[in-house]
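Heads up, the thing below is written out as structure tokens.
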Amino acid sequence: MIGLSRAPRLDGWEERLIAALSGHASRPFEWGGRRGGSDCHMLAMDCVMAVVGVDPYPDERGRYSTRIGALRLFRKRGFAWLTDAYDAVFDRVPASLARRGDIGLVEVMDPEGARVACACVVAGADAWGKGPQGTVRVPTLSLSVVWKVGA
């Protein structure tokens, strides 16, 4: 697979990105999305698909139903968590250079009060994600790391 930071952005990616973000915003949080919900990784990968036409991890959908299950699946691939998985296919850029369609990470609180990583998609000045409490919207500049999606 070519590095997805250098893949061309497809014609019409802007409309598909908006549709993907809107579709996920209306779905409840659910690890793995087995019953129609979504999580931050699914949101990020659907947006990558909208921008460059490739989902680097399509076989993960529906294969986990808890955070522990997601961690196990990532570890089987040799990744500690989202950062390693995204580093494998995207180049990092400073948050100040983030563009619409890029992905990043922010920490959110889970229902038990623990801080957990949440993948977000840059939509301009804000980035959108999906956390245990629902849709997450944060300033793009608050992302702790950003990966470039598409050339």
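What follows is calculated from the coordinates using simple rules that are stated; it is not laboratory data. In this text the structure is predicted, and so the values were computed from the model without any measurement. Every residue, glycine among them, receives a Cβ derived from its backbone with ideal geometry; neighbour counts consider all protein chains shown.
Per-structure values
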quantity: Residue order, fewest to most beta carbons within 10 Å, for T66, T135; calculated: T66, T135
quantity: Test item: Cα-centred dipole of region 41-143, Lys/Arg +1 and Asp/Glu -1 on Cβ, debye; calculated: 180
quantity: For region 105-122, 3J(HN,Hα) per residue [Karplus equation, 6.51 cos²θ - 1.76 cosθ + 1.60, θ = phi - 60°, Hz, x = Gly/Pro]; calculated: 10, 9, 8, 10, 8, 8, x, 8, x, 7, 7, 10, 6, 9, 6, 10, 10, 6
quantity: Amide proton proximity set for S5, modelled H, under 5 Å, gap of 5+; calculated: D91, G150
quantity: Of E60, E15, E30, the one that fluctuates the most in a GNM where the chain has Cα springs shorter than 10 Å; calculated: E15
quantity: Helix-only [θ]222 nm of the chain, DSSP H runs n ≥ 4, -39500 (n - 2.57) each, per residue, nearest 500; calculated: -8500 deg cm²/dmol
quantity: Sequence-distant residues sharing a close amide H with E30 (under 5 Å, placed H); calculated: S38, D39
